[in-house]
Amino acid sequence: MGLSTGAAEGQSHSVHLVHLRLRDFRNYPRLEVEFLPGFHLLLGGNAQGKTNLLEAIYLIATLRSFRGVGSAQMVRQEAKGYFVGATIVGATTSEVKLYWSASERRLSRNGTPVKRLADYWGTLRAVVFCTEDLALIKGTARIRRRFLDLLLAQTSPGYLETLLRYTQALRSRNALLKQPRMDEDQLAGFSQQLVEAGQELMRERRALAPRIAPKVQVAFHRIAEQRDELHWEYDPQVDGDFHVVLAASRARERALRTTVVGPHRDDIQLLINGRSAAHYSSEGQKRTLALALKMAQAEHLTEVHGAPPLLLIDDVMGELDANRRAGFLPLLDRARGAGGQVFMTCTEENWPRDLTSDLTRWKVQEGQIRRINPDG
Ligand SMILES: Nc1ncnc2c1ncn2[C@@H]1O[C@H](COP(=O)(O)OP(=O)(O)O)[C@@H](O)[C@H]1O
Ligand SMILES: [Mg+2]
């Protein structure tokens with residue numbers, strides 16, 4: 001099994017969000033808007049709802065917030081639940097409806113409730129660029145694992161399902177390890193499931209490295225001033241046979257009452273000139289590297305699926321100096337050239353006027369959005 005989805009590879013059906021409907025989502029009581037393919041610039045002052053809009057689009061794509069918060073926080077204050085509806089046009093048309101409240105969750109596509117996440121996955125693929133990306137470099141291994149998992153879920157059929165199986169086995173196993181008297185047969189059963197799914201995860205993560213690493217390096221050089229050498233290394237916690245390593249951890253896991261080895265402890269090492277980017281690089285290098293990781297994600301999705309993902313760019317352009325901007329812009333142009341869709345937020349003060357002329361401008365204000373005509 002390769003890393004690509006057989007069905008989509010080679011075909012180039014760019015996918016667009018053509019219609020978005022929000023109800024009680026963040027500061028949007030109600031919103032209904034149509035988008036064409038191409039480049040959308042969302043302008044507005046602070047705290048008007050620009051990021052919230054990108055968050056809603058990302059939610060349709062991944063069913064989670066890129067701000068790392070749960071659904072309760074996305075429900076508009078004083079409301080009971082949020083609704084996000086979208087029409088997505090690619091090779092086929094998908095009508096997605098997502099409702100969430102504390103007591104009820106509903107997700108449907110084309111009128112049919114979604115039963116398995118893996119069936120829904122791939123309806124819309126998005127890459128977000130945001131200030132939180134810096135945590136990919138500075139943050140914990142969990143954040144890098146999430147990046148790895150998202151990328152693999154977006155490109156490898158079956159990965160998400162394996163990940164869910166692994167997580168389930170891990171949860172059951174940890175619950176068992178916490179019991180005062182545990183059933184050894186049950187433990188052996190969960191261990192078997194854990195090892196099978198875990199080995200598959202590690203195999204996929206290892207196979208991704210040679211495909212993604214060169215893209216990160218290229219992206220990094222496009223935006224970095226110096227020709228630093230960049231290295232991406234998959235750093236599995238388990239070295240060797242998972243089955244053997246798990247068995248050898250027996251005493252430790254019983255003392256700690258939790259599974260102490262496995263791909264849920266994996267990491268990615270990011271090295272600049274042979275030294276840990278987290279510990280030895282400058283703030284500027286960290287930002288550049290974080291941006292390069294996301295650019296590589298977008299390039300990889302384009303390569304695998306033959307069409308660019310939706311690009312959601314939040315407050316990033318304003319922070320880039322002219323050099324890095326010049327390295328970043330071609331990505332947007334390529335996405336647009338391939339018929340993709342780009343959503344970018346800026347405050348009115350810092351939007352780069354050298355961007356491009358061929359864009360749709362929107363004004364975001366107090367949970368409303370309206371199109372601004374080109375000359376006003
Ligand atoms: N759950 C919520 N209910 C109502 N308003 C919210 C909620 N979450 C955030 N907001 C409001 O949304 C606004 C921030 O929106 P945001 O999209 O982050 O702004 P920006 O335009 O600066 O990106 C703030 O006014 C904040 O109070
Ligand atoms: Mg914002």
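Each value in this text was obtained by applying a stated rule to the coordinates, not by laboratory testing. What you are looking at is a predicted structure, and each value in this text was computed from that prediction instead of being measured. Cβ: placed from backbone, ideal geometry, glycine included. Neighbour counts: every protein chain shown.
Remarks
- Extended-chain gain in nm, criterion 0.36 nm per residue less alpha-carbon gap, Glu225 and Val18: 70.7 nm
- Cα centre as origin, Lys/Arg/Asp/Glu Cβ charges: the chain dipole, Debye: 880 debye
- Taking the DSSP bridge list for the chain and keeping only pairs wholly inside it, about 70 percent are antiparallel.
- The chain - Kirkwood radius from inverse mean 1/r over Cα pairs (Å): 22.1 Å
- Using a Förster distance of 25 Å, the FRET efficiency for Asn350-Val33 (Cβ separation, nearest 0.05): 0.60
- Of interest is the spacing of the C-alpha centroids, which for region 64-104 and region 249-277 amounts to 34 Å.
- Sorting the segments 15-21, 255-261 by their residues' average number of neighbouring beta-carbon atoms within 10 angstrom, most packed first, yields 15-21, 255-261.
- Calculated log₁₀ intensity ratio I(q)/I(0) where the Debye formula runs over C-alpha points of region 37-89, q = 0.13, 0.24 Å⁻¹: -0.37, -1.13
- Between His279 and Ala175, the simple spin-label model (points 7 angstrom out along Cα→Cβ) gives 3.9 nm.
- Under the criterion of Cα pairs below 8 Å and six or more residues apart, the relative contact order for the chain equals 27 percent.
- The GluC sites (Glu not before Pro) of region 286-364 that DSSP puts in a loop, and whose beta carbon has at most 16 other beta carbons within 10 Å, are Glu348, Glu349.
- Point-to-point label distance, Leu164-Tyr99, nm (Cα→Cβ direction, 7 Å offset): 2.2 nm
- When peptides 30-38, 222-230, 52-60 are ranked by their average number of other Cβ atoms within 10 Å per residue, the highest-first order is 52-60, 222-230, 30-38.
- With the highest mean first, a sort of the peptides 308-315, 336-343, 96-103 on other beta-carbon atoms found within 10 angstrom per residue produces 308-315, 336-343, 96-103.
- Each of Ala72, Gly38, Ile57 was placed along the dipole of the chain (beta-carbon charges, centred on the mean Cα), and the one lying farthest toward the positive end is Ala72.
- Simple rule: put +1 on each Lys or Arg Cβ and -1 on each Asp or Glu Cβ in the chain, find the dipole, and look at Val245, Val127, Val18; the Cα lying farthest toward the positive end is Val245.
- If R0 equals 51 Å, the separation of the Cβ atoms of Arg106 and Asp185 corresponds to a calculated FRET efficiency of about 0.85.
- In nm, spacing of pseudo-spin labels at Ala248 and Gln77 (7 Å Cα→C-beta vector): 5.5 nm
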